[in-house]
1. Pairwise over distinct Cα atoms, reciprocal of the mean inverse distance: report the Kirkwood radius of the range 127-263 in Å, one decimal place.
2. If we sort 367-379, 631-643 on the protection proxy, mean other Cβ atoms within 10 Å, highest first, what's the order?
3. Roughly speaking, what is the stretch gain from Lys428 to Ala497, that is 0.36 nm per residue apart minus the C-alpha to C-alpha distance, in nm to one decimal?
4. According to the Cα gyration tensor, what semi-axes, each the square root of 5 times an eigenvalue, does the equivalent ellipsoid of the range 529-654 have, listed from largest to smallest in whole Å?
5. Within 10 Å, count the other beta carbons around each residue, average over each peptide in 259-270, 316-327, and list them highest first.
6. Sort 502-509, 586-593 by packing, meaning the average of other beta carbons within 10 Å per residue, with the highest value first.
7. Enumerate the calculated ³J(HN,Hα) couplings along the range 275-288 in order (Karplus 6.51 cos²θ - 1.76 cosθ + 1.60, θ = phi - 60°), each rounded to whole Hz, writing x wherever the residue is Gly or Pro.
Amino acid sequence: MYFRICLLLFFLVTSCNIDKTSNSSQEYNTAKHFLLDEKEPNIRNRFLNKIPDDSLKNKLLLDLAYEYYLKEDSARFRYWNSQAQKMAINLDLEANIALTNWDLANFFYREHVIDSSYYHYNLAFEQYVEAEEELKAGRMLLNMAILQEKVKDYIGSENTTFQALDLIEESTDSQNYVYPANNNLGIIYNGLGDYSQALEYHRKALKNAESLEDPVKSARSLNNLGVVYQKLEDHSNSILNYTKALQIDSILQKDTNLYAMLTDNLGYSEFKLGNYQVASFLFHKALKIRDSIQHESGIVINKLHLGEYYLENRDTTQALQYTKKANSLAHATRNNRDLLASYRLLAKIEPRSAPAYLDSYIKLNDSLLQEERAIRNKFARIRFETDQYIRKTQQLSNEKLWLSLIAVILASVLFLLYLLSSQRAKNKELKFQKEQQEYNEEIYKLLLKQQTKLEEGRQEERARISGELHDGILGKLFGIRMNFGLLELKAPNQVSAKYNQLLDKLQLTEEEIRQISHNLIREVSGSHLNFAKLLKQLVADYQNLTSAKIEFYFDENIDGELIDENIQINYYRILQEALQNVVKHAEATIVNIKITREQDVLIMEITDDGKGFDKRKKVKGIGLKNMRDRMEKIDGMFTFETSAMGTHLLFRVNL
């Protein structure tokens, strides 16, 4: 053992001064395996301490850490990664420092610690920029964009992906990384509900995969296309894409998990088209594969699909059994997305327990929204610091060393002061915005209550007048006419005729009063809706602030009293935000607002002929974000289209 260690030491000490050959590579691998196999820490440490600190030793530590990462030995990976990073910093090996952060980011991603993973990808990105390795810097940005998509920061992920493409596309080895960029953009636009863009980028990704001759990537892109068509409820095209993917040679052996996903998705589209026998066969086939490979998240989705299938076929016992199993497994594996879906499905299967399931759904959904918001904010802070760092680096490269050092010190102090003051200001602003939003909602509720009370007062007064006319005056007139009719007048024919004319006029007067009474009752039942009146008043207020013509249409068949108060409040605030944007930025001449209803869906469309905006650029305002957040609160959908010809906003929510 001692002789073997001496030989290894001799190689590692002298190999820095000789050309690398197959023999030196073999000796290097021998040293690495020796360190991996050695059970005695003291022997390993003595061996490493006798090797001089240089790039070769640093590479050995990096490889050692990575081997433990592959073995999923977390403690040893973290230890050797830390040792490699310390040495790389001491030796000023920028690329190796970046590599330690890259490995750490991969480690945290595997452990589902998203914010730490994003942080270390960002550090690696900075260091690769410093080392002028653009391709690797672009790959780090691409990984960051994928993490942003996972927390539904779609706009941020879109911007980061395009930045990554700018760096990646200049490399000769770009094709391998353009595929995941296009694939991520397709997923982003699918999440945003921009399905035409989603289809376009998934088709680009498919072409990339075909040019790379990678069957697994091709199958994955075909699956993603099928998912988009499922969202569009175009199940024929979904089936076409899933079938093409399943026909790819040996896809079951090459990626069993993907094969099971395709089978399950195909079954779901067949189920939606009413092909129940085919769907049942495919669902059970996919579940069997997923059980065999213990793919827990796939099993949850599969059982949810089976629960939905049996519910549709009115077999509530089977539906409940599969859905509860999915709920239990999703809860155990912290699969929150599918846990939410299981609560929704259980509420449909067991109507009596629906309130409890929906309460669990709301609580979990609210906590997830808060977590996603917190992570998105943390991502934004990390990127902000990165942008500042890059700008400073570019500035320092053009100055002399002593001036640069002074500039860095001053800039760092000022930057810290700015961050402190800026953070305080942001906290105050966020607090004010939150309070303002609460006040605005309370004001809206008060307006609604006031409008309701006024309307109730009017209705009561009309009903009272109608009753007085009908029961009081009308009754008295009828009595008088009857008494006159019973009188036996002995008078000339002329007087008798006049008497009969007066009786007829009295009867006509009764009919007029009765008609007025009935009209008053009809006015009570046909009074205008409070919700529509408030929106009309809001439009009228903004019409006074702009030269643009605002056209407003509210479907008279919509019963405002049946619309949930939260939906009313959020639609009111969204319309207010949209009108404010039109007045401030759009430079429009015509604004068209339509509120209609399609079955159980309340739709609001806002269209203007203004100058639009570039959705690929960061927008200073938070109007679109606020609109999207409000629609998420009421489980609604929000899409928009913009160009130099104008902007179209579409909001849909189930009543």
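1. Working: mean 1/r = 0.0651 Å⁻¹.
In the range 127-263 this quantity evaluates to 15.4 Å.
2. Working: 367-379: 14.8, 631-643: 16.4.
The packing order, highest mean first, is 631-643, 367-379.
3. Numbers: separation 69, 0.36 × 69 = 24.84 nm, distance 8.79 nm.
The Lys428-Ala497 span can extend by a further 16.1 nm.
4. Working: eigenvalues 106, 60, 31 Å².
Ellipsoid semi-axes (Å, largest first): 23, 17, 12.
5. Highest-to-lowest ranking by the protection proxy: 259-270, 316-327.
6. On the way: 502-509: 12.5, 586-593: 18.5.
Taking the mean over residues of other Cβ atoms within 10 Å, the ranking is 586-593, 502-509.
7. Along the range 275-288, the couplings run 8, 5, 5, 4, 4, 4, 4, 5, 4, 5, 5, 4, 5, 4 Hz.
Laboratory data are not the source of any read-out in this text; all were calculated from the coordinates shown. These numbers were taken from a predicted model, which means no experiment stands behind them. Neighbour counts run over all protein chains shown; Cβ positions are idealised from the backbone, glycine included.
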